[in-house]
Amino acid sequence: MKKIEESLNKQDSGVTSRKRLLSIDVYKGVMIAFAIFINATAYFQYSPTWNKGSELYGLTYVDLFGPFFLFALTMTFESSFNRRIQKDGRIKTYLHFIRRFIIYILIGFLITLELKSYGISLRWGTLQMLGMTGLFLLFTIEFKPYLRLIFSIVFIIVHQFIILQFSEDIISQYPHGGVYGLLSWFSFATIASILNEQFLKCKMRLIYILSGILCPILGISLSYFISISRQLVNLPFIFISLGISILLYSLVFYIFEDVSNKIKWLKKERFFNVMGKNTLLLYILQTVFKFIPYLLLPLDAEPFIFFSFGILMVLMNYILAYALDKFQIYLVL
């Protein structure tokens, strides 16, 4: 466990060395690989329901991409923040992270621009949600954990109240719940950040895994009273997606940080690991790449054909990520 803690202290933050926890890159790689596959296959006519985002209510694995991405952002946020303060001081550190998350938001609006007959239309998207949530984490990161948890509880309750007061059609028309959904995302990110930081410091390991089990149970229990909705970002969705994120990373961590100490070839994983080092760049490139299958294949293509093409798209992105990694080209904000 000491080796893990030492690796974390050298986690890539733009401040210290480039040594990284393998499990974090593998987790990010799995996340971006699924995103590429979804983009390449979801909108064909015969794509099955489980391979598409849910309607107003329900849950598919596609709905988990946003939470997975946000969960990844929280993994080393606090440790990176603290190391940068030690090196650059408080003012420069805050300016660095403010700039980073504003760039997230600006890139998000840029890649979701739509040209309409009446002009340019700005749309809400994943990077906007990540940027705004990152700014919230930044301005609460030095609060005591119990205060951050109180904020989380208050925000998620207030958001659920907003959902009940406003028309569901208004909220659900925006990806990730739009601006309304930010309150729930703030809660998700705060809880994930607290748990991840303690877990990666080799503390609260049992509590971490128990949280991953109890959160989905709580979410499913709540779904008997409040239907699960990704588009509304409501209570059941937040708890279920947080629990699944925790369990997925727990599994990846166990395989690539614990088991790999005995099975050495796991340390040489070079597929998800490579893709996980450049998730932001690969995600941005998907704004162009995602149209390739729909330009080359008919919309009524058979599932075997477009699923095979989806796998091909993942492999093509891996080759790109491998080349970027070989030349040590990374998009770091």
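Values as computed for the structure displayed
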quantity: Protection-proxy order for peptides 187-193, 292-298, each taking the mean of Cβ atoms within 10 Å per residue, highest first; calculated: 187-193, 292-298
quantity: Simple label model, 7 Å out from Cα along Cβ direction - Glu168 to Leu331, nm; calculated: 3.5 nm
quantity: Estimated FRET transfer efficiency (Phe161, Arg123; beta-carbon r; R0 30 Å; 0.05); calculated: 0.70
quantity: Positive minus negative residues near Leu232 (Lys, Arg vs Asp, Glu; Cβ under 12 Å); calculated: -3
quantity: Percent of alpha-carbon pairs separated by more than 12 Å within the range 53-103; calculated: 72 percent
quantity: Reduced Cα scattering model of the range 27-114, Debye log10 I(q)/I(0), q = 0.12, 0.17, 0.24 Å⁻¹; calculated: -0.56, -0.89, -1.22
quantity: By average C-beta atoms within 10 angstrom, highest first, the peptides 299-309, 240-250; calculated: 240-250, 299-309
quantity: Across Lys201/Lys326; Lys28/Lys92; Lys28/Lys201; Lys92/Lys290; Lys52/Lys268, pairs whose alpha-carbon gap is larger than 26 Å; calculated: Lys201/Lys326; Lys28/Lys92; Lys92/Lys290; Lys52/Lys268
quantity: Alpha-carbon centroids, the range 156-202 and the range 221-258: separation in whole Å; calculated: 13 Å
quantity: Highest-first arrangement of 64-76, 87-99, where packing means the average Cβ count within 10 Å; calculated: 64-76, 87-99
quantity: GNM top mover of Trp265, Trp124, Trp185 - the chain, alpha-carbon springs below 10 Å; calculated: Trp265
quantity: Computed lengthening from Leu210 to Phe271, 0.36 nm per intervening residue step minus Cα-Cα distance; calculated: 19.0 nm
quantity: Environment charge of Arg100, counting only residues whose C-beta is closer than 13 Å and scoring Lys/Arg +1, Asp/Glu -1; calculated: +3
quantity: Three semi-axes of the equivalent ellipsoid, the range 170-287, Cα gyration tensor, whole Å, largest first; calculated: 29, 21, 12
quantity: Alpha-carbon gyration tensor eigenvalues x 5, square-rooted, for the range 51-174, Å; calculated: 29, 21, 14
quantity: Two-decimal log10 I(q)/I(0) for the range 2-326, as the Debye equation yields it once each C-alpha is a single scatterer, q = 0.08, 0.09, 0.10, 0.14 Å⁻¹; calculated: -0.37, -0.48, -0.60, -1.23
quantity: Taking the range 2-326 and dividing mean pair separation by its residue count, relative contact order in percent (alpha carbons under 8 Å, at least six apart); calculated: 29 percent
quantity: Ellipticity estimate at 222 nm from DSSP helix runs (n ≥ 4, -39,500 (n - 2.57)) divided over the chain, nearest 500; calculated: -21000 deg cm²/dmol
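All of the numbers you see were taken from the coordinates with simple rules; none came from a lab. Note that the coordinates shown come from a computational prediction; the quantities given were computed from them, not determined experimentally. Cβ sites come from the backbone with ideal geometry, for glycine too, and all protein chains shown count toward neighbours.
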